[in-house]
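In what follows, a single structure is set out as structure tokens and then discussed.
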Amino acid sequence: SIAAVLLPHMEKVILAVTVSVQSLAFYAVAANLAGLLTIVSSAMSQSLIPAFVRLQRDELLPEREVMFRRATKIALLTFLPMMATLLSVAGPLLRLWAGEEIGSRGVAPLYVIVAGLLFNLMAFVPLASLMAEGKTHLLAKLYWIELVPYSIMVWYLSSHYAELGAAVAWPVIVTGK
């Protein structure tokens with residue numbers, strides 16, 4: 001749990017330390033706005049875990065595979081229109097919501113994070129399946145293994161490219177799941 005909490009937020013700490021709190025603000029506004037896209041997928045994965053648990057027996061494997069494919073399609077079909085809508089109004093929305101400066105510096109990180117969320121979306125269903133199988137130890141090991149290289153990558157990219165560097169690093173860790 002510790003690594004699972006550290007990993008998706010490490011870039012915020014490193015960005016504040018290596019660049020500035022102001023740069024963190026530009027990044028955080030973009031990341032929080034993009035994060036709204038995950039609400040549907042997160043809710044869906046929470047309901048999938050008990051369903052996958054119920055389908056653990058070998059004779060129910062075909063039903064489990066159908067559910068897996070269907071959930072993946074539903075996630076994609078709900079996410080893509082939301083993603084397209086957000087990307088089409090991102091610049092004006094950020095300027096209106098957070099001001100001109102955050103709107104101008106936060107839009108590029110927002111685009112990068114939203115692109116990474118497309119890959120993250122595809123991980124929700126397999127993640128729910130692994131949790132239902134009781135293989136959370138594999139996830140924990142993966143998170144701990146990723147933590148050091150990710151921190152180094154975030155430090156380097158943030159040091160050189162500020163909030164855009166942090167945004168570029170984030171999808172790399174997300175797609176690794």
Taking Y161 as the residue in question, decide whether it is in a helix (DSSP H, G or I) and open to solvent by 20 Å² or more (accessible area, probe 1.4 Å).
yes
Pair list, Cβ under 7 Å, 6 or more apart: the stretch 78-103 residue closer than 19 Å to L118 by Cβ and of a type in the set (V, I, T), other residue open to solvent by 50 Å² or more (accessible area, probe 1.4 Å) and assigned to a helix (DSSP H, G or I)
T78/V40
Hey, does the stretch 106-127 have a residue that's farther than 19 Å from W170 by Cβ, open to solvent by less than 20 Å² (accessible area, probe 1.4 Å) and in contact with a Phe, Trp or Tyr (Cβ under 7 Å, 6 or more places away or on another chain)?
yes
Counting only residues that are polar (S, T, N, Q), modelled with pLDDT of 90 or more and more than 17 Å from L157 (Cβ to Cβ), the stretch 1-31 contains a total of 1
Would you point out which residue out of L24, L60, L15, L6 is surrounded by 11 or more Cβ atoms within 10 Å (Cβ to Cβ) and under 14 Å from the mean Cα position of the chain (by Cα)?
L6
With respect to V53, is the statement that it is at pLDDT 90 or above and open to solvent by less than 50 Å² (accessible area, probe 1.4 Å) true?
no
Considering only the stretch 22-69, how many residues are touching a residue at least 60 places away in the same chain (Cβ under 8 Å), closer than 12 Å to F124 by Cβ and of a type in the set (V, I, T)?
2
Taking W97 and the conditions (1) exposed (fewer than 13 other Cβ atoms within 10 Å of the Cβ); (2) at pLDDT 90 or above; (3) farther than 30 Å from G134 by Cα, which numbered condition does it fall short on, given that it satisfies the others?
(2)
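The values are calculated or read from the model by the stated rules, or taken from the named source; none is laboratory data. On a predicted model such as this, the values are computed, not experimentally measured, just so you know. Note: ideal-geometry Cβ built from the backbone for every residue, glycine included; neighbour counts use all protein chains shown. Please note that ligands, DNA and RNA were not included when accessible areas were found on the heavy atoms of the full protein model with its side chains. Shrake-Rupley method; radii C 1.70, N 1.55, O 1.52, S 1.80 Å.
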